[in-house]
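As structure tokens, the structure follows; a few thoughts come after it.
The numbers here are math on the coordinates, done by the rules we state, and not lab data. As the structure is a prediction and not an experimental result, all values here were calculated from the model. FYI the Cβ positions are ideal-geometry reconstructions off the backbone, even for glycines, and counts take in every protein chain you see.
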Amino acid sequence: MIPSKFDYVRVNSIDEAIQQLQQLNGEGKLIAGGHSLVPLLKFRLTEPGALIDISRIAELKEVRKEGNRIVVGALNTHFQVANNQIVKEHIPVLAETVRQIGDIQVRNRGTIGGNIAHADPAADLPAAAHVLDAKIMIQGEDGAETMDMESFVIGPLITMLPENSVLTAISFTIPPSHTKSAYLKFSHPASGYPVIGVAVVAGVDENNMIDYAKVAITGVGDVAYRATAVEEKLLGQELSETVIKEASQYAAEDGEIANDLFSSEEYRRNLCKVYTERALKAVLF
Amino acid sequence: MTKVVGTRLKRKEDPKLITGHGSFADDIQLPGMLHAAVLRSPHAHAVIKKINVEEALKVPGVVAIYTGKDLEGKIGPVPTSWYVPDCDLKEAPQYPLAIDRVRYVGDGVALVIAEGRYAVKDAMYLIDVEYETLSPAVGQKESLKDNAPLVHDDIENNLAFHWKAGTVPEEVCEKAEASVKQSFYVQRVAPSPIETRAAIGRYNPGTGELTLWCTSQNPHIHRMVLSEVLDITEAKLRVISPDMGGGFGGKIGVYPDEALVGFAARDLCRPVKWIEERSEHFTAANFGRDEVIDVEIYGQKDGTITALRVTNTHNVGAYLSTMGPGVSTIDFGLMITGIYKIPYASCETFGVYTNTTPTDAYRGAGKPESTYQIERAIDLFAKEIGMDPVEIRRINMAQKEDFPFTNAQGLVYDSGDYEKPLTKALEMVDYQKFREEQKELRKRGKLVGIGFSTYVELCGFGPSKVAGGIGFQGGIWENATVRVHPRGSVTVYCGTSPHGQGHATTFGQIVSEKLGIPMDDIELVFSDTKSVSMGWGTYGSRSVAVGGSSVAIAADRVIDKAKKIAAHELEVSVEEIVFEEGIFSVKGSPSLQRTFKEIAKSANMAWNLPEGIEPSLEASSYFDPENFVYPFGTHIAVVEVDKETGQIELKRYVAVDDVGRVINPLTAEGQVHGGLAQGIGQALWEGIVYSKDGQNLTGTFMDYAMPKARFFPKFETAFTETLSPVNPIGAKGVGETGTTASTPAIMNAVMDALEPYGIKDIEMPLTPEKVWRAISESEGK
Ligand SMILES: Cc1cc2nc3c(=O)[nH]c(=O)nc-3n(C[C@H](O)[C@H](O)[C@H](O)COP(=O)(O)OP(=O)(O)OC[C@H]3O[C@@H](n4cnc5c(N)ncnc54)[C@H](O)[C@@H]3O)c2cc1C
């Protein structure tokens, strides 16, 4: 497995990265942890003229609280995110999710910016991103902009990241303090990627009525999705096993469920229901 | 005598490997070394119309590109080494590069040689091959049909061989009170050693010697076969297996690629290195299994089995590989009755060519498949007549007093006591208690199950006379030379070729105990045809039983000679010498003694030897056992099935194996653990899947599910020791027990868990979806 020939440049700031992208005029590709890009290079599925190494840009490594949101710099590795105090305290579902990505080597090298930018339909992170209303923060030729997950990821390995720009950070909403969360994953026995991954943030009010419910599902189709139909069935209901069970029947409603060698669409639809029900129970009981 | 044999010594080979001082094929760097890559067919079946290498030759650093046509007449086809008799075996020639037609995805089309790995790959991608695709033959049953595409035009119905053994009279079947028919598919799997294949060739034009380092489990077989393919004498061809990251049968085969590397090194007079890539390994390295097995089992309501009829339709791939034809015939067909006293049995095997990668021996080779069908069939029969799976086994198994026991197909099992491991395993798992708990859990809707496998396997290859009789192109005796140096340390040269099994440790223990010298004074040499005179390599759980025995015999011969020298020096007769813990002393006068070291010196100095005794202290043995060995045991799996998702949790796994004398319990357990991982992998996760066009859909570890350590519970293992009478150390074989026994134990456990649904069989691997579907379908009924 040997990639075709490419040049390599290291950049030390976002501006420099953008300049390089411009100069290379479509031939340049950013590399962060390399854990998605390098396999593609080796299979010669992508043959960029040059790699622009952004992995040492300090400004992409911050984690900070900004009002009701946590902003996590794109270059934080899965390991760093899983062990970050701010993340663990305010958005534990993110820590729980990235802790289940790949193995220790992958978590040590792979970055959350790379994971989102790569838009692998089977990635874990998008599930957590969805339930935390993630905003993708981008710096480009014309300045900064922000997109939500739905508009950023539009297909397998396809994003709306503008040309010559860098994903700088992901900003997550801090859920209300009375909520709890979970990420439940069925790992593919070969790849370790989710056959299904369900993230849930939910809570009940003092009258045991469900007043907060975010459910997102990844791994079952081309893109991860918010299971809004489930959320709607839950909200305003008094918490009970039946309510959860019934709401979970709608788990596949908002997604485009796909087939693959390991599992058919029909089976995945079943998994959507079962895993959603189990994740909800884990959070609400 | 100090016990060394039977103790849990840590492996002698590990410090080197874990401190990075091993030398694997890819560690070998030779001055002026070139790199090789093989361009492989992307099509399962196609005619090669044209190959254009012009652009590729322009890549800086490219030295040569060979196509099949370029090699015509220069390098011969790579033959199989197992001409099973009386089965109308038809061998199609396998040229190292396809000449005008490719027959599987992975078939070699061109060999590229360049300075450096990058140039070689860049050039490889620039070779332009024009193909005209043909429809491929893929599955074995379809490929046997009259209208199936032919893999080799002159081989009708793609039938590579048709073998039969044993007969079952019709009236026996008619008289049976109960019978079960079932078809099983023991799916194709990838042996997947952690190190892929590799070869490095170096030719010395001055001496005419070609040295080939290659990932071989049997360098002497490689030398013998390649000497013919490359037309070079064995005296000029040296084959070395460096440190290897496993083989599991996948490195028994003599492959086209190794021949190509040897050829290129000689043709270019420069060293050439080829390291297989993992995705290449998934197309061009032999796979294991791929047998459709149809079973009919007959018997009485009291549980006695009266007859077994088996048909095996074996997908051999596009060519017959080195051991390929023996797997589903001899190895499988003669062992179909397992441990049971079944009076009548028959096996009919169809070997079928297809447009897929060849299949060959894989850990257990034929025995896991035979064990699978009998252990599954006996369970199905028990269900049919409403009998407990343990009881039916007890009723039918050969008893201690039946040994040496002749099975229905005429094989004579060396020794056995099947009740011993069965009792022990039942105790370990607490069978009665489990059944009670199961009742309770079932009431609560939980699906737990227990599965048994009481297996026996044919190991320790073996008597050479038999090898000749079954068409195997090799002797299967084994060789060892024990050489004692002047200051008393010892080098042992062995014909087996370890690649992870730990022979340096176990064989060292045998020598240490015999000669009474410390392990550190013993060096083992394997795997080099220039230093080891002859040998047949490591496979078929033969190394300790055959190779270890020859080590023991050679060590005894050293002692015999040393005793004569000691007697001479101590001025007594040989009969008066006793040898214990490295000391030769005189019976009755223990103060009169010589140490092993002193005698080593005397023998090598030869200043004062008895008359008729030649200098030096060295002895060899060429041990040819009188029979195979037949390890056995009981494995028990406990599983829980998640009925909503079909996921299976392996809760407990108990393995009680009887492998004869256990030389080192620690390494023996290691062998059991590894075997279990692979056997359980076959049941639950692994499986190579081809599309209708003959594309491997599971060609990377993203899709091919190799089990990981965390998939397993802590294995509960134990041994019983029933010695083998057919070799001097009483050892059987341990390397393949795990793979042989575990697959049906898991399946039987899952089927037991699914009993409330009336589910009898599900095709392997038991993916969650298949299990979920079976449950949903039966609920729908
Ligand atoms: C063995 C293995 C197992 C894995 N298992 C899992 C798993 O179970 N679950 C899972 O979710 N993932 C898994 N992964 C994927 C891993 O999580 C991703 O590779 C990783 O998160 C991507 O980050 P990276 O820094 O390595 O990206 P890179 O590989 O460096 O880049 C990936 C892509 O994103 C682009 N990119 C990177 N950073 C930026 C940026 N800041 N701005 C714009 N574009 C950018 C690159 O140009 C490239 O196109 C696995 C990977 C491996 C190798």
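Could you tell me which of rounded, prolate or oblate describes segment A:7-53, using a ≥ b ≥ c as the square roots of the eigenvalues of the alpha-carbon gyration tensor, with rounded for a/c under 1.5 and, failing that, prolate when a/b is larger than b/c and oblate otherwise? Here segment A:7-53 falls in the oblate category. Between A:Ile31, A:Tyr183, B:Val574, the Cα set farthest toward the positive side of the dipole of the protein assembly as shown (charges on each charged residue's Cβ, about the Cα centre) is that of B:Val574.
In a simple Cβ point-charge model (Lys, Arg +1; Asp, Glu -1; nothing else charged), the protein assembly as shown has a dipole of about 1820 debye relative to its Cα centre. Taking packing as the residue-averaged number of other Cβ atoms within 10 angstrom, the listed peptides A:149-159, B:698-708 run from highest to lowest as B:698-708, A:149-159.
Rounded to the nearest 20, the size of the Cβ-charge dipole of segment A:58-173 about its Cα centre is 500 debye, with Lys and Arg at +1 and Asp and Glu at -1. Principal-axis analysis of the Cα atoms of chain A puts helix A:265-284 at an angle of about 70° to the longest axis. In chain B, Cα pairs under 8 Å separated by at least six residues give a relative contact order of 16 percent. Qualifying trypsin sites (Lys or Arg not before Pro) in segment B:537-628, where qualification requires a DSSP coil assignment and no more than 15 other C-beta atoms within 10 Å, comprise B:Lys587.
For segment A:7-53, the dipole from Cβ point charges (+1 on Lys and Arg, -1 on Asp and Glu) about the Cα centre works out to 240 debye, to the nearest 20.
The spacing between segment B:755-774 and segment B:156-199, judged by their C-alpha centroids, is 22 Å.
Simple rule: put +1 on each Lys or Arg Cβ and -1 on each Asp or Glu Cβ in segment B:141-197, find the dipole, and look at B:Leu144, B:Ser179, B:Leu159; the Cα lying farthest toward the positive end is B:Ser179.
Once you have a ≥ b ≥ c as the square roots of the Cα gyration tensor eigenvalues for the protein assembly as shown, tell me rounded if a/c is under 1.5, and otherwise prolate or oblate according to whether a/b is larger than b/c. Prolate is the answer for the protein assembly as shown, as a/c is 1.5 or above and a/b outweighs b/c. Think of it as helices only: each DSSP H run of n ≥ 4 in chain B is worth -39500 (n - 2.57), and spread over all residues that comes to -8500 deg cm²/dmol at 222 nm. Among the trypsin sites (Lys or Arg not before Pro) in segment B:233-339, those placed in a DSSP loop whose Cβ has at most 13 other Cβ atoms within 10 Å are B:Lys301. For segment B:432-483, the list of trypsin sites (Lys or Arg not before Pro) that fall in a loop by DSSP and count at most 12 other C-beta atoms within 10 angstrom reads B:Arg444.
Separation of segment A:265-285 and segment B:104-137, taken as the distance between their Cα centroids, equals 46 angstrom.
For a test of the definition: using alpha carbon positions, the gyration tensor, and the 1.5 limit on a/c, classify chain B as rounded, prolate or oblate. Oblate, since a/c reaches 1.5 and b/c is not below a/b.
Between A:Ser55, A:Ser191, A:Ser13, the Gaussian network model of chain A with springs among Cα atoms under 10 angstrom shows the greatest mean-square fluctuation at A:Ser191. Only Cα pairs under 8 Å and 6+ residues apart enter the sum, and on that basis the relative contact order of segment A:111-162 stands at 37 percent. Calculated FRET efficiency, A:Lys245 to A:Glu89, Cβ-Cβ distance, R0 = 25 Å: about 0.20 to the nearest 0.05. When both segment A:9-26 and segment B:413-471 are represented by their alpha-carbon centers, they are found 64 Å apart. Summary: within chain B, the longest segment free of GluC sites (Glu not before Pro) located in DSSP loops with at most 10 other C-beta atoms within 10 Å is B:1-570. Mean separation of Cα pairs under 8 Å and 6+ residues apart, divided by the residue count of segment A:7-53: what relative contact order is that in percent? Reported relative contact order: 57 percent.
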